[in-house]
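All remarks here apply to the structure that follows.
Just so you know, all these numbers are worked out from the coordinates, no wet-lab data involved. If you're wondering where the values come from, they're calculated on a predicted model, not measured in any experiment. Cβ: placed from backbone, ideal geometry, glycine included. Neighbour counts: every protein chain shown.
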Amino acid sequence: MEKKEKEMREETTKEATPEKEKETTNQECHCGHDKKHGCHHSKKEETLSEELQQAKQTILELQNKLMYAQADAINYRKRKDEEVANFYKFANQDLITDLLAVLGNLDHAMAIVPETEKEKKIQDGVHMIATQFQDILKKYGVVEIEALGYPFDSNYMEAMMVGNDPEKPDDMVLEVLMKGYKYKERVIKPAVVKVNKTTENSQKQEIENNEKGNE
């Protein structure tokens, strides 16, 4: 009898052991997936994180492009506004240039020495007309470039001739051959001048030019 009970207990233990192992094998992870078949939760989180970073990077690039586009648009508008402003500011430049040509002819006429009283009266009339021209042009922002007795400045003058006066500084304007004019702040006609060059300085300049040409 005792032997039979012992055999029954052993059979019960054998039946229980596989069941326990089965329960252990079929344990689930915290996300609810069976460990036996593997858990994909962590991998999905990784993929989502990468996609989020890529999305952030794309947004940042788009924001930068938008900023550059806005800056370009602002600069373009400023350039256009400046062009329009300059157009209206210097709208009369062509007309004024033509009038300066007429004024130049009047200046040449006034430079002629009259030989008779009649010629002197004609020259006085020309001088009056030239003065009226100058007053009108000055009203619209045209001013004569002061050159005689000033140092030569290539921004406002063109050297047509070279003189030699030892008593005057080098590069001084000795004579104005043709008057120059500015329209507001823009040079529309440079003054054509004769520039002083002493013999010594002219020789030095010639030597320097030759040395530069040989290099």
Legend entry - Inter-residue pairs, beta-carbon under 7 Å, first more than 28 Å from Asn196 (Cα to Cα) and in the range 138-156, second surrounded by 12 or more Cβ atoms within 10 Å (Cβ to Cβ), 6+ apart: Tyr140/Asn92; Tyr140/Ile96; Gly141/Tyr183; Gly141/Lys184
Legend entry - Conditions (1) of a type outside the set (Phe, Trp, Tyr); (2) in a helix (DSSP H, G or I); (3) within 35 Å of the chain's Cα centre (by Cα); (4) exposed (fewer than 14 other Cβ atoms within 10 Å of the Cβ): number failed by Leu99: (4)
Inset, instruction - Please determine, by comparing only the residues of the range 115-157 that are of a type in the set (Gly, Ala, Ser) and part of a helix (DSSP H, G or I), which one is surrounded by the fewest Cβ atoms within 10 Å (Cβ to Cβ). - result: Gly125
